[in-house]
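Asks: Below you'll find the structure I mean.
The values are calculated or read from the model by the stated rules, or taken from the named source; none is laboratory data. These numbers were taken from a predicted model, which means no experiment stands behind them. Here the Cβ positions follow ideal geometry from the backbone for every residue, glycine too, while neighbour counts run over all protein chains shown.
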Amino acid sequence: MNGRVRGYTLVEVLVAVVVFGILSASAYVALDALSRAASGHRDRSEDFGALQVAVARLDADLRQLAARPVAAAAGRTEPALSGQPRSLSATRSGWSNPADVKRSTLQRFGWQMAGSELQRIRWPVTDRVSDSQAMTETVLPEIESLSFSYRDDTGGWQERWPPGEALARLPSAIEVVIDTRRFGRVRRVVVLK
């Protein structure tokens, strides 16, 4: 009888196990890197989508401005557009009413930076009385700065609006600049007339 047994030696088995371990570790590292890249891409895509929605909402508000001053508490009258360098409040038309509630299609709204958040403010009624409460919504959670400029009829840019006592007067254009941490500066000029 031939005493020779065929099979793998211990060294061959150990080499095979080491090679398999190296291949498994390499595959794990590659899959982990791919997973992290996909997660980062998804986060960036969601943040960019939120930025696009915020700019579109701001643009829609500004394009539907109504030259209507509003009655405020204590008998005051506020201008149709009250613009500051870091915030604005205005009246817009086109407020949809799918439930056919008895209310105006005009809405008083505002945009401001509070902390590091871009916020949209809206009031339930256009002419506010002392008990009407504003509702604030965070539109973008992380911005570095927000600024507004207002173009007058002579082509000059103003930091505040309205100039003088013209409560129903609207600017010919509004420039909005939003500085974001992730995407840098977003500049939008909305031409009104």
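Asks: For residues in the stretch 84-113 being among the β-branched types (Val, Ile, Thr) and in contact with a Phe, Trp or Tyr (Cβ under 9 Å, 6 or more places away or on another chain), which is nearest to ARG68 (Cα to Cα)?
Replies: The extreme case among them is THR91.
Asks: May I pose another question? Go through (1) farther than 14 Å from GLU78 by Cβ; (2) touching a residue at least 60 places away in the same chain (Cβ under 8 Å); (3) charged (D, E, K, R); (4) touching a Leu at 6+ places or on another chain (Cβ under 9 Å) and name the single condition ARG151 misses.
Replies: Only one criterion in (1) farther than 14 Å from GLU78 by Cβ; (2) touching a residue at least 60 places away in the same chain (Cβ under 8 Å); (3) charged (D, E, K, R); (4) touching a Leu at 6+ places or on another chain (Cβ under 9 Å) is unmet by ARG151, namely (2).
Asks: So, one more: Does any residue of the stretch 67-81 turn out to be at pLDDT below 85 and under 30 Å from VAL189 (Cα atoms)?
Replies: There is at least one residue in the stretch 67-81 that is at pLDDT below 85 and under 30 Å from VAL189 (Cα atoms).
Asks: Further, regarding this structure: Got a sec? Which of VAL186, VAL191 is exposed (fewer than 12 other Cβ atoms within 10 Å of the Cβ) and within 18 Å of ARG57 (Cα to Cα)?
Replies: One residue alone meets the criteria, VAL191.
Asks: Report, by residue number, each residue of the stretch 75-105 that is over 26 Å from LEU146 (Cα atoms) and of a type in the set (Lys, Arg).
Replies: Hits for the stretch 75-105 are ARG76, LYS102, ARG103.
Asks: Hand me the list of strands (runs of 3 or more DSSP E) wholly inside the stretch 84-193 holding 2 or more residues that are basic (Lys, Arg) and modelled with pLDDT of 90 or more.
Replies: 117-122, 184-191
Asks: Let me ask something else about it. For the stretch 106-128, give me the residue count where each residue is closer than 14 Å to ALA60 by Cβ and surrounded by fewer than 18 Cβ atoms within 10 Å (Cβ to Cβ).
Replies: Looking only at that region, the number is 1.
Asks: Before we move on, is THR91 among the hydroxyl-bearing types (Ser, Thr, Tyr), over 26 Å from SER172 (Cβ atoms) and without any contact (Cβ under 8 Å) to a residue 60 or more places away in the chain?
Replies: The answer is no for THR91.
Asks: A further question on this structure: Residues of the stretch 153-193 being of a type in the set (D, E, K, R) and in contact with a Pro (Cβ under 6 Å, 6 or more places away or on another chain), which ones?
Replies: Selection gives GLU159, ARG169.
Asks: Given the conditions (1) in contact with a Ser or Thr (Cβ under 9 Å, 6 or more places away or on another chain); (2) over 30 Å from GLN119 (Cβ atoms), and given that VAL5 satisfies all but one, which numbered condition is not satisfied?
Replies: Of the numbered conditions (1) in contact with a Ser or Thr (Cβ under 9 Å, 6 or more places away or on another chain); (2) over 30 Å from GLN119 (Cβ atoms), the odd one out for VAL5 is (1).
Asks: Considering the stretch 64-83 alone, what residues qualify as being assigned to a helix (DSSP H, G or I) and closer than 21 Å to ALA166 by Cβ?
Replies: Result: GLY75, single match.
Asks: Among (1) among the hydrophobic types (A, V, I, L, M, F, W, C); (2) part of a helix (DSSP H, G or I); (3) within 30 Å of ARG187 (Cβ to Cβ); (4) without any contact (Cβ under 8 Å) to a residue 24 or more places away in the chain, there is one condition VAL55 misses while meeting the rest; what is its number?
Replies: So the condition that VAL55 fails would be (4).
Asks: Here is a list: VAL19, VAL5, VAL11. Which entry is free of Cβ contacts under 8 Å to residues at least 40 places away in the same chain and surrounded by 10 or more Cβ atoms within 10 Å (Cβ to Cβ)? Before the answer, list the steps.
Replies: On the way: VAL5 fails: surrounded by 10 or more Cβ atoms within 10 Å (Cβ to Cβ); VAL11 fails: surrounded by 10 or more Cβ atoms within 10 Å (Cβ to Cβ).
One residue alone meets the criteria, VAL19.
Asks: Of everything in the stretch 65-77 that's crowded, with 18+ Cβ neighbours inside 10 Å and not hydrophobic (A, V, I, L, M, F, W, C), which residue is farthest from TRP95 (Cα to Cα)?
Replies: The extreme case among them is PRO69.
Asks: Could you list, in sequence order, all residues of the stretch 145-183 that are more than 16 Å from SER82 (Cα to Cα), within 21 Å of the chain's Cα centre (by Cα) and surrounded by fewer than 16 Cβ atoms within 10 Å (Cβ to Cβ)?
Replies: SER145, VAL177, ASP179, ARG181, ARG182, PHE183
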